[in-house]
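One structure below.
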Amino acid sequence: MPLARRHVDWYLEGKGKDFDENKALKIILEKDDGVRAAIGRRLPDGQSTGAYRNYFKLEQKHYATEDVRNSWGAIDHLDFEADFDAQTLHVWFKDRYEWHPYYPDLYDVQEDDSPPRPTNCLHAAFVEMKLFGAADFWMVGEATVPLKGIVGAPQATRWPDW
């Protein structure tokens, strides 16, 4: 998973600097049917002129591509603006890349806590890597794509190297 690998390497070596997600976001908006459908469902029915702006939490379940799901996880606040006159979709986000181990025996589980997952030991180990210089960072992305095809386009079968 090349995109996930780039993020892990950045976490271990990037010293907390922002990670530019512009290229990846554009590709995802063009090719990931799950993300496109998640945005498309939020566009107003029947609007054909003007602009519509909104945001939502992009959850891991929305991704059609495992590499993206493992790279980004949930994006807490994905902003988008559909310009029906120009027939474009502009999307942007800034989200923290951090590891979330699940420790129910160490603290009271909160309603919004992540559930246990098969990769919990990996999450815990990567938190420990901060002792050796690893650092959380901001993923920052912005891209504009054609509005046509946001819902229902066929899924790509081959993904590019990120």
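Okay, here's what the table says:
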{"read-out": "Other-chain or far-sequence residues with amide H under 5 Å of Met139's (modelled H)", "value": "Phe19, Asp95, Arg96, Tyr97"}
{"read-out": "Separation in nanometres of the label points that stand 7 Å from Cα toward Cβ, at His77 and Lys148", "value": "3.4 nm"}
{"read-out": "Charge dipole (the stretch 2-146, unit charges on Cβ, about Cα centre) - positive-most of Pro2, Met139, Ala38", "value": "Pro2"}
{"read-out": "Computed E for Leu131/Glu59 - FRET, C-beta separation, R0 35 angstrom, nearest 0.05", "value": "0.70"}
{"read-out": "Inter-label distance for Glu30 and Thr88, nm, one decimal - labels placed 7 Å from Cα along Cα-to-Cβ", "value": "1.5 nm"}
{"read-out": "Entries of Lys31/Lys94; Lys26/Lys130; Lys17/Lys61; Lys15/Lys61; Lys61/Lys130 with Cα pairs more than 26 Å apart", "value": "Lys26/Lys130; Lys17/Lys61; Lys15/Lys61; Lys61/Lys130"}
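Any read-out appearing in this document is the output of simple, stated calculations on the displayed coordinates, not a laboratory observation. Just so you know, these numbers come straight off a predicted model, no measurement behind them. Note that we place each Cβ from the backbone using ideal geometry, even for glycine, and neighbour counts take in every protein chain shown.
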